[in-house]
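Coordinate-derived values only; no laboratory data. Predicted model, so just to flag it, every value in this text is computed and none were measured. No Cβ is skipped: glycine too gets one built from the backbone with ideal geometry, and neighbour counts run over all protein chains shown.
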Amino acid sequence: MLERAVPQSLLKNLPETLIEEAFTPLLERPGLRLERILSLGHQTPHGEWLVSNEDEWVLLLKGSARLYLEGWEEEVSLLTGDALLIPRGIRHRVIETAKDQHTVWLALHLAPDALSPHHATLA
């Protein structure tokens with residue numbers, strides 16, 4: 001039997017302060033993970049890099065962020081409604097997120113074999 005679907009807001013009841021970024025799992029399936037990330041003036045610590053063995057597609061639902069992706073000539077600035085695909089294996093850093101409001105990310109992580117030829121591909 002299917003569980004009853006319960007609507008949830010990804011933009012309501014946000015904490016006033018955040019010591020660390022907050023990661024909330026929303027959906028997990030083989031090869032696929034969807035999460036909400038909350039930031040409030042956060043950045044990747046100096047000298048550290050983020051790198052994943054999965055593709056990561058991010059959508060900013062609220063706020064702003066600046067990222068640096070290794071090998072790209074310029075920083076990437078994201079505003080509400082902007083999306084970005086970070087290919088697996090690419091080292092990247094969050095340079096800054098908005099300090100005066102929450103930055104709410106929707107992050108979709110896709111394992112390399114998550115999409116077979118029988119499934120739709122990302123455009």
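Just a few scattered comments:
- Pairs where the first residue, in the stretch 1-27, is under 26 Å from residue 98 (Cβ atoms) and the second is surrounded by 10 or more Cβ atoms within 10 Å (Cβ to Cβ) and among the hydroxyl-bearing types (Ser, Thr, Tyr), C-beta under 7 Å, 6+ apart: 21/39
- The listed residue being surrounded by fewer than 16 Cβ atoms within 10 Å (Cβ to Cβ) and in contact (Cβ under 8 Å) with a residue 24 or more places away in the chain, out of 51, 76: 51
- Pairs, first under 8 Å from residue 44 (Cα atoms) in the stretch 83-97, second among the aromatic types (Phe, Trp, Tyr) and surrounded by 14 or more Cβ atoms within 10 Å (Cβ to Cβ), C-beta under 7 Å, six or more apart: 93/68; 95/68
- Number of positions in the stretch 66-88 that are of a type outside the set (Ser, Thr, Tyr) and farther than 23 Å from residue 32 by Cβ: 9
- Lone qualifier among 85, 27 - being under 21 Å from residue 11 (Cα atoms), loosely packed, with under 14 Cβ neighbours inside 10 Å and either aliphatic (A, V, I, L, M) or in contact with a strand residue (DSSP E or B) (Cβ under 9 Å, 6 or more places away or on another chain) (or both): 27
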